[in-house]
Amino acid sequence: MKRWFSLQMQTRQTAHARTYRCVPTWLSLGACLGALLLQSLASQVNALELQGKWQQGGMLMGKVAPGSQVRLGKTLLPVTPKGEFVLGLGRNAPASATLVIADDEGEHSHQFTVEQRQYAIQRIEGVPQRTVTPPESVLARIRSEGAAVSRARRKASQRMDFLTGFSLPLEGPITGVYGSQRVFNGVPKNPHYGLDIAGPEGALVHAPISGVVKLVHRDMYYSGGTLIVDHGYGISSTFIHLSDILVAEGDEIQRGDPIAKVGSTGRATGPHLDWRINWHQVRLDPAVVLESFPFSDSGSSSDSGDSGLDLNAQIDEAVAPAVWAGEGENAETGPTQ
Ligand SMILES: [Zn+2]
């Protein structure tokens, strides 16, 4: 991996966990590394490499000596044969996280500060009222669709697509962001977990990363045309409100393949792609993931972090009108909240 940086940390026994206030943006990287290297003593005990952001909605990839065990809190994380692992932080992840690495040398604990975020409130008028207050008659359908989505993400495969980074599945104005509190037709509902990218009806959606298709559903109540792709080790992408899906369950897809078409099916007010990234059932922020892990062509060792997404600029102009904003993908969310 070209963009890995290494935090060669002198670690201590669990009882003396140390706190690293190290948010590994490239700006602060120099300062962090300097401080950590100073702390490092001659006897290196299990090295830990990390990339990504300790931030709500963030994804981190790490590397340990092959054969090591890694735990996030109490959760045992699967580790690739080369020692790589991935983890994600949810919208409301607590302010501190602990990674425990166990190997022949013993068990070592590392504590990290998770940046806490403020989420905007987004008011959206004009979605079909039946998708805001669904009638009794559709509650069973909503539940079964939610269960299907959950099931599609339940079994983590050992694919390693996630290691290659992501590219944008569609170019267009950002009309909805991760985490925002949603008020539909005046009714407060669940937060939004996707990145909404507006595009014309029928525009092609390209695979942001390779994977295998886990779920194809053409008409879910909230999310309309719904596609879930597995990238391995619990990382999956979800694409919703699609007007058409060009792949079938079980298909292997490559980055860049046309996989679906933009639509406005389900709870949406206009054509857009809602792209979501999960780590198992934990919902991540695609914008943060893209920023941390942009795909770069093999051979290029560019560190520019250019994901093609000028996030700050696009979010600013998108917050007010929210014309295309949609919600959906009813997994884990009940009909009322
Ligand atoms: Zn959306």
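Each value in this text was obtained by applying a stated rule to the coordinates, not by laboratory testing. A quick note: this is a predicted structure, and the numbers were derived from the prediction, not measured. For neighbour counting, all protein chains shown are included, and Cβ atoms are generated from backbone atoms with ideal geometry for every residue, glycine included.
Things to note:
- Förster-model FRET efficiency, 41 Å R0, S144 and I121, C-beta, rounded to 0.05: 0.85
- Using a Förster distance of 22 Å, the FRET efficiency for V187-A95 (Cβ separation, nearest 0.05): 0.10
- For the listed peptides 272-284, 97-109, a ranking on the average number of other beta carbons within 10 Å per residue, highest first, reads 272-284, 97-109.
- Whole-number percent relative contact order across the range 118-240, with pairs defined as alpha carbons under 8 Å at least 6 apart: 30
- Cα gyration tensor category, rounded, prolate or oblate, for the range 121-319 with a/c compared to 1.5: oblate
- Applying 1/(1 + (r/R0)^6) with R0 = 45 Å to the Cβ-Cβ distance of R218 and E107 gives a FRET efficiency near 0.40.
- Each peptide in 61-74, 216-229 receives the mean, over its residues, of other Cβ atoms within 10 Å, and ordering these scores from highest gives 216-229, 61-74.
- Label sites at R159 and V132, each approximated as a point 7 angstrom past Cα along Cα to Cβ, lie 3.8 nm apart.
- Prolate/oblate/rounded call for the range 148-205, Cα gyration tensor, a/c under 1.5 rounded: oblate
- 31 Å Cα-Cα threshold exceeded, pairs from K82/K261; K53/K155; K74/K261; K63/K261; K82/K189: K82/K261; K74/K261; K63/K261; K82/K189
- Under 11 Å, Cβ to Cβ, from V138 - net charge with Lys/Arg +1 and Asp/Glu -1: +1
- Peptides 118-125, 235-242, ordered by how many other C-beta atoms sit within 10 Å of their residues on average, highest first, read 235-242, 118-125.
- Remark on A260: its backbone amide H falls under 5 Å from those of V205, L246, a criterion applied only to residues 5 or more positions apart or on other chains, H modelled at 1.01 Å from N.
- Share, in percent, of DSSP beta bridges within the range 121-319 that are antiparallel, nearest 5: 90
- Amide H contacts under 5 Å for A47, placed H, 5+ residues apart: A65
- In this label model, Q254 and A65 are separated by 3.9 nm, measuring between points 7 Å along each Cα→Cβ vector.
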